[in-house]
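> A single structure is presented below for examination.
The values are calculated or read from the model by the stated rules, or taken from the named source; none is laboratory data. In this text the structure is predicted, and so the values were computed from the model without any measurement. Glycine gets a Cβ as well: all are built from the backbone with ideal geometry, and neighbour counts include every protein chain shown.
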Amino acid sequence: MKKYQKLDKIGQGGFSTVFKVLNKDDNKTYVLKEILLSKLSDKQINLMLNESKILSHINNNHIVKYYESFQINNTINIIMEFCEGSDLKNFILSHKNQNKLIEENKIYSIILDICKGLKEIHKKNIIHRDLKPDNIFFGKDNLIKIGDFGISKQVNSNNKYATTLIGTNNYMAPEIISGKKYNNKVDIWALGCIIYELCTLEVCFQSEGLLGLVNKIVNDPHGKINLNYYHKELQDLIDLLLKKNSTERPNINEVYSIITKNTKIENFKKNDNSFFSFITHIFENINYFEISPEEYDKEVKLAKERKEYGDQFIPSYEGYLETLKKAHDQNLRSEIKWVRVFTKSNWSIKIKNQ
């Protein structure tokens with residue numbers, strides 16, 4: 001412990017305290033989770049040590065990195081990566097305090113990173129079991145990282161179900177809160193709750209008492225997001241992840257495919273102001289040969305409100321139809337491939353047969 005100097009206390013739990021520390025050997029900042037053993041039963045000690053065991057098997061950019069653990073007298077000390085930014089809970093709260101919705105492209109950027117982390121842990125048969133905004137952090141360059149694996153479970157590859165009632169009530173899937181067997185689809189449910197919260201700035205399932213909360217999670221439908229600000233595909237994704245029957249929820253690889261296919265998220269991240277992203281959205285999500293002027297204008301209005309694209313990159317409805325006519329004339333109705341789409345003063349689209 002001599003090589004670590006405590007800088008700030010950054011968290012406090014029922015059995016542990018979290019500090020920001022400086023490693024005197026490499027002059028870098030880390031996180032120290034200090035667990036006081038005298039307050040714990042043997043079962044609770046094993047639960048607390050579980051985090052270091054789980055994290056030691058994972059090396060992924062979207063998972064908080066584990067470095068080492070050691071015991072000093074009556075404390076277990078776990079050294080982990082320090083995330084420079086805040087957590088997702090505070091990110092949501094800051095938008096709520098400003099009465100400002102989170103931009104759709106930012107939401108997709110966040111959930112894509114979460115999916116990359118979940119893909120890794122699910123591949124290793126690990127169920128997080130406490131996925132929530134408090135446990136998702138912004139690292140360097142705003143890279144999203146999943147943390148707090150204290151109650152995670154690594155299941156046997158031959159029996160991928162768990163039975164322990166554990167987690168944070170508001171994000172518990174119906175099968176957990178009902179005391180049934182469950183698998184990693186509970187993390188998919190929690191992801192749906194997080195996406196809903198990113199869109200509405202409100203927790204998806206809330207109640208004054210536990211019984212009321214259980215009833216809402218098990219029986220009541222979830223709320224709807226603002227479709228005047230967000231596209232319907234985002235609501236459809238939430239609906240899919242929050243299926244009451246876990247067998248109807250997609251696995252994490254399917255969720256990842258849905259996000260990358262339906263939203264072209266990589267284009268959003270790389271070129272937020274591109275005409276390419278806007279037109280690609282129209283082509284991927286709307287029946288583009290039958291879109292009316294009113295429908296087109298609605299898409300343009302939504303894009304401008306979110307400030308995702310520069311006005312000079314959005315063509316008129318007539319210019320859009322001209323492009324579609326070229327595609328139709330070349331019998332490329334079902335085989336359209338965009339190559340390069342605009343210049344500042346004039347825009348043109350090359351369409352190739354795939």
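> Yes or no: K224 charged (D, E, K, R), at negative phi and without any contact (Cβ under 8 Å) to a residue 60 or more places away in the chain?
It is true that K224 is charged (D, E, K, R), at negative phi and without any contact (Cβ under 8 Å) to a residue 60 or more places away in the chain.
> With respect to H122, is the statement that it is under 18 Å from I225 (Cα atoms) and over 14 Å from the mean Cα position of the chain (by Cα) true?
no
> Follow-up question, since we're still on this one. Taking segment 232-246 on its own, how many of its residues are among the polar types (S, T, N, Q) and buried (at least 16 other Cβ atoms within 10 Å of the Cβ)?
2
> Further question: Look through segment 1-15, keep the residues that are part of a strand (DSSP E or B) and without any contact (Cβ under 8 Å) to a residue 60 or more places away in the chain, and return whichever of them is farthest from the chain's Cα centre (by Cα).
Q5
> OK, next. Can you name the condition, by its number, that I102 falls short on among (1) modelled with pLDDT under 90; (2) of a type in the set (V, I, T); (3) in a loop (DSSP other than H, G, I, E, B)?
Single failed check for I102: (1).
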